[in-house]
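Read the structure below first, then the notes.
A short reminder: the numbers here are calculations on the coordinates, not readings from a lab. Since the model is a prediction, treat every value here as computed from it, not as a measurement. All Cβ positions, glycine included, derive from the backbone under ideal geometry; neighbour counts span all protein chains shown.
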Amino acid sequence: MDEDKSRPRVGVVVIGQSPRPSVAAEIAAVLSPGIAIDLVGALDGMSRAEIDAIAPTDGSDALFTLLPNGDAVVISKQVVEERAAEKIAGFAGKGVAVTMLACTGKFPALSPDIGMSAHSHDGLGEGAPPVVVLPSKILSSLVEAVLPHGRLGVFSPLPEQTALIAGKWERPGIEVVGVTLRPGSGPEAVDAAASAMAQHAPDIVVMDCMGYRGADKARVRKLVACPVILAIAAAARVVEELIA
C-alpha cells in the first residue's frame, strides 16, 4: 500500500488475491499521474486449499479470477461478497475517499454506502462520506444510455455465466448475445472469440469482466464492427472523475 498521504488514493478490491499488477496497470493507464492505487484482495490471507474449498453452488454463484501466480480459479460469489465488504469498510476506515470493486458481477449486499459507517470522518478532507464504485452499475447505466435498443454483445469468462447473460443484461428493446472468453487468454483465443462475436453483428460489445485488458479490446475492435466497452477502463474513468 502506498503510504504517501499527500497523494490522492483509490482503493481497489480484487475478488481474488493481491498483488495483481496487471489489474493495477490497466487502472493506472486511465487515471491521472500521481493517483496512488492501493490494491487488496478479497481472499487475501486464505490458503490455496481454502480457496479451492469455496466452490460456487451454481452458475449464478460462480466468479472467475486469476490468482497472483496466474492460476485460474472459479469461486463462490457469496463468499467473495462477504469478504469484499470487509475490505471496502477497511478502506473507508483508513480515510480512502474512493474504493472500487474490481468485479463486474452483481453483489446485492454491496452498495455505494457500504463504507459510510466505518469511515474516518476527519480523514476525508471536508468530511464527505467515501464513495464505492461498483462496475456492474457503471456498465449497466452506460449501456442503457448509449444503446436504447438494438443488439448487445457480451463477453464473459465462464460458459455458465454466458448461459445466464440474458438475465443480467436484457431489457425491453435489447437483444443480448453472449460469447465466452477467459481473461488471460492468448491472441488466438481472443481472435476466435471476437470472430464468433462478429457473426452476431452486435451494435455494441461489452467486455464484462475486470480481467479483460486493453490489448484484448484492441484485438476485438479489429474484428467486430462496433464500439467495444472495456469494463475496467469504464470503471476507472468514473474513479478518475471522482478523484481528479
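Which parts of segment 163-197 would a label at His149 reach, counting a residue when its backbone N lies under 15 Å from a point 7 Å out along Cα-to-Cβ?
Those under the cut-off are 171-176.
By count of other Cβ within 10 Å, fewest leading, how are Val13, Val239 ordered?
Val239, Val13
Build a GNM of the chain with springs between Cα atoms under 10 Å: which of Pro172, Pro19, Pro129 gets the top mean-square fluctuation?
Pro172
Report, to one decimal in Å, the Kirkwood hydrodynamic radius for segment 155-207 based on all distinct Cα pairs.
Final number for the Kirkwood radius of segment 155-207 is 11.6 Å.
Taking the chain, how many lysine pairs are there with alpha carbons less than 13 Å apart, if each pair must be eight or more places apart or span two chains?
5
Based on the alpha carbons, how large is the Rg to Rh ratio for segment 137-230 when Rh follows Kirkwood?
Here the Rg-to-Rh quotient is 0.92.
How would you rank Asp208, Asp71, going from fewest to most other Cβ atoms within 10 Å of each one's own Cβ?
Listing Asp208, Asp71 from fewest to most nearby Cβ atoms yields Asp71, Asp208.
Taking each pair of different alpha-carbon atoms in the chain once, compute 1/r for the pair, average those values, and report the inverse of that mean as the Kirkwood hydrodynamic radius in Å to one decimal.
18.4 Å
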